[in-house]
1. Once you average over the residues of C:217-230, how many Cβ atoms of partner chains fall within 10 Å of each Cβ?
2. Taking 1 over the mean of 1/r across every pair of different Cα atoms in the range A:65-156, what Kirkwood radius in Å do you get?
3. So what is the 222 nm mean residue ellipticity for chain B from helices alone, if each DSSP H run of at least 4 adds -39500 (n - 2.57) and you divide by all residues, rounding to the nearest 500 deg cm²/dmol?
4. Quick one: helix A:30-39 against the long Cα principal axis of chain A, what's the angle to the nearest 10°, folded into 0 to 90?
5. Roughly what angle does helix A:329-348 make with the longest principal axis of chain A, taking Cα atoms, 0 to 90 degrees, to the nearest 10?
6. Would you list the P(r) distribution for the protein assembly as shown, with all Cα-Cα distances sorted into 20 Å bins from 0 and each bin expressed as a whole %?
7. Sort the following peptides by mean Cβ neighbour count (other Cβ atoms within 10 Å, averaged over residues), highest first: A:109-118, C:140-149.
8. Where the label is 7 Å out from Cα toward Cβ, how close does B:THR54 come to the same position in every other copy, in nm, shortest first?
Amino acid sequence: MGAVNTLELAQELYDLVGELYPVRRSLTGPGVRRTLEIVARYVPLDVVEVPSGTQVLDWTVPDEWELREGWIATTDGVRVVDTSATSLRVLGYSVPVHAVLRRDELLDHVHVDPAAPEHIPYRTAYYDRTWGFCLTQRERAALSDDRYEVRVDADRGPGHLIYGEVVLPGTSEAEVLLSTHVCHPELANDNCSGIAVLALLGRRLAARDRRLTYRLLFLPGTIGALAWLHANRARAGRIAHGLVVAGVGDPGPLTYQRTVHGAHPVDRAAAMVVPARGGSLLDFSPWGYDERQFNAPGFRLPVGRLSRTPHGTYPEYHTSADDLSFVQPASLLDSLTALEEILSILEGDATYRNLAPYGEPQLGRRGLYAGIGGERDQAEVKLALLWVLNQSDGTRSLLDVAQRSGLPFAAVAHAARLLLDAGLLERVERPQR
Amino acid sequence: MGAVNTLELAQELYDLVGELYPVRRSLTGPGVRRTLEIVARYVPLDVVEVPSGTQVLDWTVPDEWELREGWIATTDGVRVVDTSATSLRVLGYSVPVHAVLRRDELLDHVHVDPAAPEHIPYRTAYYDRTWGFCLTQRERAALSDDRYEVRVDADRGPGHLIYGEVVLPGTSEAEVLLSTHVCHPELANDNCSGIAVLALLGRRLAARDRRLTYRLLFLPGTIGALAWLHANRARAGRIAHGLVVAGVGDPGPLTYQRTVHGAHPVDRAAAMVVPARGGSLLDFSPWGYDERQFNAPGFRLPVGRLSRTPHGTYPEYHTSADDLSFVQPASLLDSLTALEEILSILEGDATYRNLAPYGEPQLGRRGLYAGIGGERDQAEVKLALLWVLNQSDGTRSLLDVAQRSGLPFAAVAHAARLLLDAGLLERVERPQR
Amino acid sequence: MGAVNTLELAQELYDLVGELYPVRRSLTGPGVRRTLEIVARYVPLDVVEVPSGTQVLDWTVPDEWELREGWIATTDGVRVVDTSATSLRVLGYSVPVHAVLRRDELLDHVHVDPAAPEHIPYRTAYYDRTWGFCLTQRERAALSDDRYEVRVDADRGPGHLIYGEVVLPGTSEAEVLLSTHVCHPELANDNCSGIAVLALLGRRLAARDRRLTYRLLFLPGTIGALAWLHANRARAGRIAHGLVVAGVGDPGPLTYQRTVHGAHPVDRAAAMVVPARGGSLLDFSPWGYDERQFNAPGFRLPVGRLSRTPHGTYPEYHTSADDLSFVQPASLLDSLTALEEILSILEGDATYRNLAPYGEPQLGRRGLYAGIGGERDQAEVKLALLWVLNQSDGTRSLLDVAQRSGLPFAAVAHAARLLLDAGLLERVERPQR
């Protein structure tokens, strides 16, 4: 990938974030539909609809919600707060209201983030019947009239939960699950970044030879993941590896959160990629994005999470400050590249059996070794050949070899290809460990 | 427990040490009987008697020994050393003697501790037929006459080994073994401190609801533990956790010595409590108190040891300097509190199965979650709920959850109770690990 | 071993290196025969011959090679390079040549080590049909004539690969494999040092009582090890421990490279010996000496390697600078002593079952314990007795006990002998782990 293409790709990612950002998403409703339409330009997307009221696992699919507008006005008609600039103004899933209220009555419905008082907080109440407005501290303090007129013009009623699903079949039935949430409104990093990176990753994967099958999910958080799991319980066993992609555009370094298992191949692949790109590794925690659902005890799917600065730890998190200025083209590209490197390791990982296991085979007569012995240079390829031969007893994968030898995975995989071509290895489909 | 009660409890512990201190204990005899009478004021104590000569495991119960007095006098009748102040003066289990001896003959029977020459050492000879006196270096040097009259007025003959046993039944048959040694004479830390702490711990446990059954043993060291094990081989399998309590009154920090297993629940509970109180953890060593017997290969009972400064590493150890001034009320209380905290973890530890394991259950509709989503505060209780749900697959205990999550055990146990009450967990009696 | 004997032994080792050094060894031929004749003065050596062309595992035994002389001369007969000082001058296994060549034709056959340009490099071409000369950079630069006469007077034709094998039977069939390579020409550390140390080690082992059987191999590198493995596949299962000995005379500290298993008894024994002598431990790598063959997946023999400075990491490596001035008598002796200490641990290692496992047995009545209790001194032997008793449940070896207790292996082994003599232990021949 040349430097020019790289710059173009970073810009394409950023432009897509820019297109997604103003869409007024919520858990359900037209914002999610519009978001999936945009994504469908990049990948062959199926849109799945689940009616409100459907029982999914322990939950019930909520009503659909559509916000038209919301405002607070003085009794003489001056709008002091409205949704013209951002839908963050209205508590998500607010029921309709149109009333003149006393100031104290109104304040019961006003949300401010004490930790980020200068920004509009992002708040929702999916499963309560209430309404509210989100303000900065200064805006709240300025509400000094005795009475205000408030209006939330919204529908909340039966409809559908929708999510997008993309399947890119490989030669193997083993699947990689890649998931991102599409339910947050005008927040750029959380999660226009994840949507954009996954959409372009999908386009690029679709253009390649694939051993693994890739399943990309664009889901409303929690209930969307649960709805997918509910519908796919029988298929869940095929998920060999998974990654939740979220919050991947901010300027901070990469972070990878391990699966609950902790040492699954996806964890070990990420451990080879993320620290080498300046990022860090975190242990699993049940507080996060949809990896919570995938890692639940009834499923235990091996799903890690790739983010940059972890959710909840940056001041812009879940506020109006998470806007387009907070997201960087270079960060988006770095996240996409890290994902591709991780997937490349998972694609290339395999377990082999050395077919000449009694001592070393004579590499020289197979053209795999320089003819003149005694030279100092122990080229990486020579070392990789010897490591693969030594370790390939049908129980250790190339990831194991790379980890133990300290060699780059690519060098180990290259050596395995040479040895396979030379008839010195056979692939073991069901390794005994 | 309020501050006043705390001070009162510390004083009560110290006063009990003060009452126990002057009792002239040995391996057998009236001192042990008197000690058990004092303990019986606090806990419902059974006194078990084992006749001299009884074979217990590889050992034989020794004769009973009663010391009336012992002295060294000049030939004109001036007593230069006698037992009026402390029975430490006479080698434990000395056979009777009354003779006039040459200075060199006497010196063969005089013990001095070269490492603590200014103090009277504590020495015994349970299984030899000999006699002796324990002196300071200065006292020994002052023996300048040619001849001395010596007298040990003692009985050593058939009788009984006795020990005290307390059972506080719980709702479960699983037992916690708590053991302390009662065979050391006028030594305050080793082990009036252990006896006092265990007596008051027993009184407090008796007043509580108990899941576990508690078995408290007040034993002469080694032979007492072996006698109990001999009589209870069939019951030993019920011992789920154990602690030897000894040397718990000195001013040093706590030390916990692991069981031979090393990662048993009692070890892991102690690892949560002792370092948090400024103490340290030691690996098992077969040199110590009765945990040696309980951890022997034929039993392998999971018995750790709580002490403060480890035996043998403080200069007062096994000398007359281990007196009431060496023991601190605050240290006794700290030891008792640490024990109660460890036992509280063992009481609360259990393994559960998440009954809604397919993704997260909807905590909100069960009142376990704030209704307004998106807020920053990830309260400990919320996190604990999620951790317990995620980890409770029937193989991991609450101790496992606390250890992995880094949350306090109490928070994890509280979350488990909330989830149990909400019908989201069931208890697993025989976890598969 | 007294100081005088120690000095004599160090000198004897060095003198043997000095005798081996000028022998012109190659993979096959008279140099190996002469080397084995020297070794046979120290140990009862069988010489095994394998005809050229024999298939051994994946390889074919090469033709025999004998170099008589080689030189480069000006067209007027002045020899500018010749083999009078060292056979390193000629590329090992060069085919005969006698011709007058243009300078550029000659330079195609000249080898220089760019990393050590001032020394003659050691180069071979066992499996190619070519010829060559090895020069310093300065010598190469001085080849300024248009034409040179070159001569390699050598035979390369059917013959035999030979290696030396010594068996020192013990009371057990379990074998220790000790191997060193004999195929390098005039290089002192690599590997006259290994040959000398193994020869004297063999002489000393032959004079001792042995539980284990020792099999010493003096092999041409790679093909020799493969030939032995080929002929001994059925017997390979008897190899309980193994060590390759190579590069053990240079002034650097000891290094032990672990078996591929990594925690085999030989690895654990070396870990007790080598760091205590100032050396270091390395993980297995498939780039090295014949441990590569022994650790191959078809055999997985537990063979570690003892060296000093690792091969390939010192500037003298595989050059004419690896001469007698590079090898130190003290280093040779230190290597021999380390080997003897490792073997002594392997000889003494065993698994026992405590026959009085219910608590501690009464050591006092068996004379294993001082009669007067309460003394401070916890002598190493007392502690070792208690550790062996506590750990000997039929699953843990004395190596395990030494490792866990931190006691010297010799103290643990001594305690085990005392307990065995007292009837308190029985040996477990096939431990369950």
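1. Averaged over the peptide's residues, the number is 1.
2. The answer is 13.0 Å.
3. Helix contribution divided over all residues of chain B: -9000 deg cm²/dmol.
4. It is inclined by approximately 30 degrees.
5. Value to nearest ten degrees: 40.
6. Going from the shortest bin to the longest, the percentages are 9, 25, 27, 26, 11, 2.
7. My ranking of the peptides, most packed first, is A:109-118, C:140-149.
8. Sorted ascending, the copy-to-copy spacings read 7.3, 7.3 nm.
The values are calculated or read from the model by the stated rules, or taken from the named source; none is laboratory data. From a predicted model like this one, the values you see are computed outputs, not experimental measurements. Cβ sites come from the backbone with ideal geometry, for glycine too, and all protein chains shown count toward neighbours. These area figures cover heavy atoms from the full protein model, side chains too; ligands, DNA and RNA do not enter into them. Shrake-Rupley method; radii C 1.70, N 1.55, O 1.52, S 1.80 Å.
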